[in-house]
Amino acid sequence: LLANRKVAEFVGRKRSSNAPTRTFVYRIHDKPDQEKLMRLGRFVTKFGYTFNTNQLTGHNVAKRINKLMGEIKGKSEENVVSILAVRTMQKAYYSTQNIGHYGLAFPYYSHFTSPIRRYPDMMLHRLLAHYLEGGNSVDNEVVEELCEHSSDMEARAAEAERASGK
């Protein structure tokens, strides 16, 4: 995780106030949807748990969900509550627009470490090598299109995996 963070930070941070940011492939993860959090809260109260959604902000959500996961551990409702909690979270995806990785609480994150298993990993390695050799930033639109395609394909693969399991 540290290598993934540091590489993304190295490329993503501005070198000076007038320097543009360089195009890069980030693995980003947005904050959970408030409505989904409220549904989770209503659901777990039926099992006797408290999950107050009125005061949830920032990384307080992650702490509360982790606390809930600890409370349900080993109980008969653990499976159903943990599945719903995971579905409450946003899906991580690839983008050139860095918004950080909420789930890991990292402002910069990408898939740098080996093994290289995905095309975005390869794009990232190529971009890093290009920048280390002194290259200028590449066309953001082209890379963003590849990020969107990779995210779509990853979602399709996950769906196929779930379907085969059923």
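The values are calculated or read from the model by the stated rules, or taken from the named source; none is laboratory data. Given the structure is predicted, the values throughout are model-derived calculations rather than measurements. Note that we place each Cβ from the backbone using ideal geometry, even for glycine, and neighbour counts take in every protein chain shown. What goes into the accessible areas is simple: the full protein's heavy atoms, side chains included, and nothing from ligands, DNA or RNA. Shrake-Rupley method; radii C 1.70, N 1.55, O 1.52, S 1.80 Å.
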Practice item. Starting from the Cα of Lys166, draw a straight line to each of the lysines and keep only those under 25 Å, dropping any in the same chain fewer than 8 residues away. Key: Lys36, Lys73, Lys75, Lys91
Revision key, fill the gap. The summed charge of the Cys147 Cβ neighbourhood (under 14 Å; Lys/Arg +1, Asp/Glu -1) stands at -4
Exercise for review: Could you rank Arg27, Arg118, Arg42, Arg156 by how accessible they are, 1.4 Å probe, largest area first?
Suggested key: Arg156, Arg42, Arg118, Arg27
**Study point:** Gain on full stretching of the segment that runs from Met69 to Glu133 - 0.36 nm per residue minus C-alpha separation
**Key:** 18.5 nm
Review point. Once every DSSP H run of n ≥ 4 in the chain is given -39500 (n - 2.57) and the sum is divided by its residues, what mean residue ellipticity at 222 nm do you get, rounded to the nearest 500 deg cm²/dmol?
Key: -17000 deg cm²/dmol
Practice item. May I ask you to give the percent of accessible area on the range 29-166 that is carbon plus sulfur, with a probe radius of 1.4 Å? Key: 52 percent
Point to revise | Cα-Cα pairs of the chain separated by more than 28 Å (percent) | key: 36 percent
Review point. Measuring with a 1.4 Å probe in the full set of protein chains, what accessible area per residue, in whole Å², belongs to the range 26-151?
Key: 60 Å²
Exercise for review: With r as the distance between the Cβ atoms of Glu141 and Ser17 and R0 = 22 Å, compute the FRET efficiency 1/(1 + (r/R0)^6) and round to 0.05.
Suggested key: 0.35
